[in-house]
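Written below as structure tokens is the structure these notes are about.
Nothing in this text is a laboratory measurement; each read-out follows from the coordinates by a stated rule. The model shown is predicted, which means the values in this text are computed figures rather than measured ones. For neighbour counting, all protein chains shown are included, and Cβ atoms are generated from backbone atoms with ideal geometry for every residue, glycine included.
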Amino acid sequence: MGLFVNTLVLRRQIDVSQTVREFIGETGQQVSEAHTHQDLPFEKLVEVLKTEKDSSRHPIFQVMFSLQSFGAAGRTEGESLFEQYDAQEGAYRAAKFDLTVMLDDSEEAIGGVFNYATALFNGQTMKNYIATYQHILRQLGTLCSQGRSLAELQYLDSAQYEQIIFQGNRTECDYPREMTIHGMFEAQVARTPENIALVFEGVSLTYRQLNERANRLSVYLRERFAVRTGDLVALCLNRSEHMQVAILAILKAGGAYVPLDPLAPDDRVSYMLDNAGIDIILTAHPGDEKAAALVATGRTVIDVADRETSSGIARYPGENQPSSVRSSDLAYIIYTSGTTGNPKGVMLEHHSVINRIVWMHKQYPITAQDRILQKTNYTFDVSVWELFWANWYGACIVFASQEAYKDNVYLAELIEQQQVTTLHFVPSMLSAFLETLEGQSALQAKLGSLNYLFCSGEALNVGEVRKCQRLLPHCQIHNLYGPTEATVDVLFYDCNARSIKDVLIGKPIDNTSAYVLNAQLQPIPPGAIGELFIGGVGVARGYMNNKLLTDKAFLSNPFQSNEEKRRGYNGRMYKTGDVVRYLADGNIQYLGRNDFQVKVRGYRIELGEIETRLASYPDVNHAVVIASERGSNDKYLVAYYVAAQEISTEKLCDHLRETLPDYMVPSVFVHLTALPVTSNGKLNRRLLPEPQITHSVTYVAPENKVEKTLCELLADTLQVSFETISMEDNFFALGGNSILAMRLNNRINQVLRVKIRLLDIINARTLSELSQAIAQAQGKSFEVIVPFNTVTQKPQMFMVHPGMGNCSVYQSLANRLSERYCCYGVDSYNFYHEQKIERLGELARYYLEHIDRILDVSQPVTLLGWSLGGKIALEIAAYLEARGVKAITVYLLDTWLLSEDHYQRNESSFNLDSMMERLQIPHYLRHNVESVVVSDKVLNIQPLSAVLKHTQIVLFKAMEGIGYEEYQQYRFNNVDAGVENIAQLQLFEIAASHFTLLEKEDELISHIR
């Protein structure tokens, strides 16, 4: 009949406080009781429990244990308790479960086989499991006889313990332990005093200038306000050169800086000031309301950008002053979200920052030619390396605009303009940035200077890494991990392998220890899931004036070696709350959290703080907040509240914004009559209902083309139904957030060809208001003349747009020409207007009318144009000659003067679809491009209105990829047909194609006089 085996399902919950004897006894009793029900078929159990069907896993259980007798054991003689066991052939069958442990209880010995699913485990992992299992079995007899508890079980044998705890954490490395943050900067000032230290919009400071300004402010703080070592000084500043000067000045004075966000609610700022006992606040035009709120706290408020104050500060000495600051002194306090309803201040010392940045420079070296983008809010710890790394090694910090730093097009342009080499993104921001780059070859081309891209703040997924490798193939990608309590980052992982399958958080940095422990603080083997604890020189002092939380999170390190004790090193460790596991290669994998702290768009948020504030609303009885997920890297907060009546979202948001920053205000609010609970009365989060999008009470349908396009873009961005969107809906009430606002902003600007600001989306109360902002932008978005640089008192150059594009393609060339010319772009009328101008003369006259408004008639006229832009420039020159102007120079970038016959003969060779694929033009823009191409073709076949008699022409001819054989006979691209005398024409042949000519900037510039 065959073999019949009935599966007996056991549920065994482990209480580690039990003795081993009690546990074994209870388990035996449970098995005996279960056997009384063994007649119940397993299939019936599955049916009754109604488990969710999943073809990838077995229902109810995934681990099988079997104790049988396979026959006589072939045991060899030996002293070892465990020996290699040769299982019978039947044991090597395909795995039915994730893991099956089969024991052979023979007369002489117990043999065992681990049968596992190779899709889940590899051989090394299983060997580790077997070793751990054997190690536990070795201990059971002793622990049982001595009446000891399960909590005392050790999971690592001595060799594993040595490898994981000591060898894996052997990161000791020399670093300038006695130096201070400002001391490192001063040493670099002495080496490179005239290097540019920072750039912010139109301001740049050399190392010498920055040091002198910081010294003067430092002395001012000491002498006028008695700032001494250990004093805390707050900053309430937007990103600018004033911020860097102020931070360095506070450190030089011996103080520690406490950054405050100018946009933070007044109550939250007041709590931080009170908690830290701060008396002095430095600002720089924070705005009337914020200034008044700071003054109202009764503290000394110093506006370092005020003209009178600046004049007073300038009278103090600019030289370095004697300093008594030690590396163990406090450097800064950064406040993070707290579980009790108030933020908590993390205290970090100088030496911790020194170690972190010195390691970073050793791992990812930079030179004086590097430029690091500073765009992280200084209330977050990533800003620490953005602010100090460059200025310790002769490089330059580039500060992003406070208003525009979330505008991805602006970022790309800033990176190109300032030749940024290093920057940081939280993964959700990186996702939005890469989305903007997708299909935009012109934007991608702006990022050629990038060498390093760092990610941290939340989990980075492999999809974003691969997209980054594809769009930015020249740029290294590195994943960093670390809590604020351990000085920014403590683990690192290289993401540059093309075959990358998973993004890990990696291995410890210098002078840092990482421990994966269970709830009893016992180290666990590779593959086992535990909590991450961090030791080493980066561990913070604790939380400001909060001993209870400090004692809970910062523990004595039981793994400190005798040598470390002798050196007074690694005596404390920080409990991160992050759930991780060691992998066999020593890397650490992040799996999640063991509490209610979440990361949303890179912001660290304690859900309890929001719940406490929401529950304080008069009509709210209970509140629960969760982080929901709409897709990869798209988390948002959902608040559930219990109240007798539903409360308007606007009122709840206003209440929360009194004390919480915007990123902690939930996107969605759900009214409940009661919270779902378990049988023992605890909150059951799994039964919280799915959040529903809140639409406006009155449905107003989109009417015109702009409104319909806006709703389509919104539906796609928020993944909601287009049919349900009302023009009276609010973007954030529909589930929007700052990251999604960035995506929507970029798509609106691309599809509708306008330039609205991110603030327009944030400030619009309804989609109707947003559509009005778009309409206003459409009315003023097109400017014919676009300034490319701020050079004054230089000859003017007007750079006419090419076909199929706008004048922005010349920005890089204009930057390079800024020493010789004040460059202006002449932008494409047809690219921005539905009604096209298709007569060459009319278009040239239109452009000339706008040029005339700024044209310096005392100087020669210089024009430049690529492709069709060159032909338009020649037509403009013809009109200027008709006025009597003779001093005209036109630079042509592979411009051709061809007849209609030439185009018709070769039109079949021109494939617009393949052209747009090559240029990576996105599909939603292709209709617009097609209409422009038709107009451009009409313009291209029209002759010039007159032969040029005085204009001097410099033709840069592309010598590669000339598509049509008959064109090769035209040495001057037939431009000589448009001049009276061939002597007016100068030719330079360039080794480039028509489409890559602009990349040869060095050659072009060498021939532009």
Residues whose placed amide H lies under 5 Å from that of A331, excluding near-sequence neighbours:
L348, E349, H350
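Arrange D1002, D502 by Cβ neighbour counts within 10 Å, fewest through most, would you?
D1002, D502
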With the alpha-carbon atoms as the only input, what is the per residue convex hull volume for segment 757-813 in Å³?
130 Å³
Seen from all sides and averaged, what is the projected area of the convex hull of the Cα atoms in the chain, in nm²?
53.0 nm²
Value of Rg/Rh across segment 705-780 [Cα atoms, Kirkwood radius]:
0.91
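Can you tell me how segment 198-277 classifies by the Cα gyration tensor, rounded, prolate or oblate, using a/c under 1.5 as the rounded cut?
Numbers: a/c = 3.10, a/b = 1.27, b/c = 2.45.
It is oblate, given that a/c is not under 1.5 and a/b is not larger than b/c.
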Phi to ³J(HN,Hα) by Karplus 6.51 cos²θ - 1.76 cosθ + 1.60 over segment 395-402, Hz, x for Gly, Pro:
8, 10, 9, 10, 8, 7, 4, 4
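Which shape class applies to segment 286-349: rounded if a/c is under 1.5, otherwise prolate when a/b exceeds b/c and oblate if not, where a ≥ b ≥ c are the square roots of the Cα gyration tensor eigenvalues? Mind dumping the intermediate values first?
Numbers: a/c = 3.51, a/b = 1.17, b/c = 3.00.
Here segment 286-349 falls in the oblate category.
Compute the Cα gyration tensor for segment 597-687, then decide on rounded, prolate or oblate, letting a ≥ b ≥ c be the square roots of its eigenvalues: rounded whenever a/c is under 1.5, prolate when a/b is larger than b/c in the other cases, and oblate in all that remain. Display every interim value, and only then the final one.
Numbers: a/c = 1.77, a/b = 1.15, b/c = 1.54.
It is oblate, given that a/c is not under 1.5 and a/b is not larger than b/c.
Based on the alpha carbons, how large is the Rg to Rh ratio for segment 199-337 when Rh follows Kirkwood?
Numbers: Rg = 14.4 Å, Rh = 15.3 Å.
Rg/Rh for segment 199-337 comes to 0.94.
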Rounded to the nearest 0.05, what FRET efficiency do L67 and I165 give with R0 = 22 Å and r taken as the Cβ-Cβ distance? Could you check?
0.05
Residues with amide H under 5 Å of L232's amide H, sequence separation 5 or more or different chain, H placed in the peptide plane at 1.01 Å from N; which?
A256
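Given R₀ = 35 Å, what would the calculated FRET efficiency be for N684 paired with D716, taking r from the Cβ atoms and rounding to 0.05? Don't skip to the answer; put the middle values down first.
Details: r = 34 Å, r/R0 = 0.98.
The value I calculate is 0.55.
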Using a simple charge model, +1 on the beta-carbon of Lys and Arg, -1 on the beta-carbon of Asp and Glu, nothing else, what dipole does segment 448-512 show about its Cα centre, in debye to the nearest 20?
440 debye
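At 222 nm, what value in deg cm²/dmol follows for the chain if DSSP H runs of at least 4 each add -39500 (n - 2.57) and the sum is divided by all its residues, to the nearest 500?
Values: 32 runs with 340 residues, N = 1009.
Taken over the chain, the calculation gives -10000 deg cm²/dmol.
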Segment 247-280 to segment 346-402: how many Å between their Cα centroids?
20 Å
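What dipole magnitude, in Debye to the nearest 20, does the chain give about its Cα centre under +1 on Lys/Arg Cβ and -1 on Asp/Glu Cβ? Numbers along the way, then the final one.
Details: 92 positive and 118 negative charges, 313 e Å.
That gives the chain a dipole magnitude of about 1500 debye.
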Listed with the fewest Cβ neighbours within 10 Å leading, M179, M544 appear as M179, M544
Karplus-derived 3J(HN,Hα) from phi for segment 245-252 (6.51 cos²θ - 1.76 cosθ + 1.60, θ = phi - 60°), whole Hz, x at Gly and Pro, runs 4, 5, 4, 4, 5, 4, 5, 5
Given a Förster distance of 41 Å, the FRET efficiency implied by the Cβ-Cβ spacing of T340 and F225, rounded to the nearest 0.05, works out to 0.80
Take the alpha carbon atoms of segment 478-506, find their center, do the same for segment 940-1009, and report the distance between the two centers in whole angstrom.
51 Å
I'd like the orientation of helix 923-940 relative to the chain: the angle between its Cα long axis and the longest Cα principal axis, in ° from 0 to 90, rounded to 10.
20 degrees
Spin-label model distance (nm) - A644 vs V947, 7 Å beyond Cα toward Cβ:
9.5 nm
Rg followed by Dmax, in Å, when segment 166-233 is reduced to its Cα trace:
17.0, 52
May I ask for the distance between the Cα centers of segment 282-329 and segment 557-627, given as a whole number of Å?
35 Å
Using a 7 Å offset from Cα along Cα-Cβ at E289, what residues in segment 637-675 end up with backbone N under 12 Å from the label point?
658
Extension reserve of the L140-S311 stretch, reckoned as 0.36 nm per residue once the Cα distance is removed
53.9 nm
Using the Karplus curve 6.51 cos²θ - 1.76 cosθ + 1.60 with θ = phi - 60°, what ³J(HN,Hα) values do you get for each residue of segment 537-548, in whole Hz, with x for Gly and Pro?
6, x, 5, 5, 4, x, 9, 4, 6, 8, 5, 4
Can you give me the angle between helix 207-225 and the longest principal axis of the chain, using Cα atoms only, in degrees from 0 to 90, rounded to the nearest 10?
60 degrees
If one compares the long axis through the Cα atoms of helix 350-363 with the longest principal axis of the Cα atoms of the chain, the angle in degrees, nearest 10, works out at 70 degrees
Reference-scaled alpha-carbon Rg (2.2 N^0.38 Å with N residues) for segment 103-256:
2.04
